[in-house]
Amino acid sequence: MRRPLRFVSRRRLVGGATALVVALAGCRSPHEPDPRYRPAENVLEVIAVLRRHVPDDTYRFEPAHDFTGKNVYRASLVRIENLERIHGDALRSGNLEDVIAFAKGRALERLRAFELAAASYRRAAARGDALRREALRSAALCDGLAEAAEIGFDADRPTQAAPPVPASTGQEIAAYDSRVALLEALADEVRDTHYAAVVREEIERADVLRARYATYTRRTTPDGNVFAVSQWQRVSLQHRESKNANRHLLELADLYETLAREYVEAHPPEGLGFDPASFSELADATVRVYEMVARQDGTAERIEASRRLEAFLSFTLTIDRDRFSH
């Protein structure tokens, strides 16, 4: 008895699919890695990925990630160095020395290794004519960025484990102003290039460092609390377009919360020195800024802001109970 055609076709279809799955599974041993995660086969493959992301605006958006989830600039640098290590002799005998050095400079500058980037660009300029002009220009810009990065206290600098003790806080703030002025001069030179994002990131970093320094020293300077708050407000306003905008608002809200808690410690609610209006001013500012971040959909900072807001509101309930309960 002949089976219906529909049944036969379905059987062949399922059987063909099963055979395809078996064939594909048999082509790869259990210990063979996924082809997507195999090492790069040549340096041009790595440079092509890096070149695609050179124009990225990393001031407004997070740096791109490669297929492994790593920062594309760091991953590209590591892969180039691995290829140099494995195929060093072959690369030295070829004509890619200037290309490799130039690509490493592009990756290093996005990782804030400006001195290393400048040195790599100069190697590229010395190895060939095609990239010499752009390499020397990039080296000079990286020199300027490296010079600016040395001005003022920076906790990420290995030679500075603790904030220096200047003759006055004003001198340190003036140093950050000089740093920003140098960077703004560079910004005028690099308008409409990929360096515009790099320079804006460095200006933002200088502004954040100034605000953090004001926060560190607020207890030892006249009107230190007011000045620290004004610095974080300045950062939040001037860098509204930054990828770190919500992070800056969180820093401001945390400072407001700290001031509110310190006020309660200095003026217990059950005492006569407690001023409800003064505490409410700090508490309202804290809640307002936390709520601004908590309303930002699709951001990691939203969760942080929501949790911190809940904790602070719980704290204010204890203040109300201590103040108004009988």
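The values are calculated or read from the model by the stated rules, or taken from the named source; none is laboratory data. Values in this document were obtained by computation on a predicted structure and should not be read as measured data. Don't worry about glycine lacking a Cβ; one is built from the backbone with ideal geometry, like all the others, and counts go over all protein chains shown.
Scan region 189-220 for residues that are touching a helix residue (DSSP H, G or I) at 6+ places or on another chain (Cβ under 8 Å) and of a type in the set (A, V, I, L, M, F, W, C) and jot them down.
Listed by number, the residues that qualify are Val190, Ala196, Val198, Val199, Ile203, Ala206, Val208, Leu209, Ala211, Ala214.
Based on what the data block shows, is Leu282 assigned to a helix (DSSP H, G or I), more than 30 Å from Asp56 (Cα to Cα) and at pLDDT 95 or above?
On the way: assigned to a helix (DSSP H, G or I): yes; more than 30 Å from Asp56 (Cα to Cα): yes; at pLDDT 95 or above: yes.
So Leu282 fits the description; yes.
Could you check Val72 against (1) free of Cβ contacts under 8 Å to residues at least 12 places away in the same chain; (2) touching a Leu at 6+ places or on another chain (Cβ under 9 Å) and say which number it fails?
Only one criterion in (1) free of Cβ contacts under 8 Å to residues at least 12 places away in the same chain; (2) touching a Leu at 6+ places or on another chain (Cβ under 9 Å) is unmet by Val72, namely (1).
Scan region 248-297 for residues that are surrounded by 13 or more Cβ atoms within 10 Å (Cβ to Cβ) and among the basic types (Lys, Arg) and jot them down.
Arg261
Going through Leu259, Leu272, Leu252 one at a time, which residue ends up being among the hydrophobic types (A, V, I, L, M, F, W, C) and assigned to a loop (DSSP other than H, G, I, E, B)?
Working: Leu259 fails: assigned to a loop (DSSP other than H, G, I, E, B); Leu252 fails: assigned to a loop (DSSP other than H, G, I, E, B).
None of the others qualify; the one that does is Leu272.
Given the options Ile203, Ile100, name the one that is of a type in the set (Val, Ile, Thr), in a helix (DSSP H, G or I) and free of Cβ contacts under 8 Å to residues at least 24 places away in the same chain.
Working: Ile100 fails: free of Cβ contacts under 8 Å to residues at least 24 places away in the same chain.
Result: Ile203 is the single residue among Ile203, Ile100 that is of a type in the set (Val, Ile, Thr), in a helix (DSSP H, G or I) and free of Cβ contacts under 8 Å to residues at least 24 places away in the same chain.
Restrict the check to region 216-235 and report whether at least one residue is touching a residue at least 60 places away in the same chain (Cβ under 8 Å) and more than 14 Å from Tyr59 (Cα to Cα). Give the derivation first.
So in region 216-235, the residues touching a residue at least 60 places away in the same chain (Cβ under 8 Å) come out as none.
So far as region 216-235 goes, no, none of its residues is touching a residue at least 60 places away in the same chain (Cβ under 8 Å) and more than 14 Å from Tyr59 (Cα to Cα).
Confirm whether Arg323 is among the charged types (D, E, K, R) and modelled with pLDDT under 95. Let's see the steps before the verdict.
Working: among the charged types (D, E, K, R): yes; modelled with pLDDT under 95: yes.
Yes: the conditions hold for Arg323.
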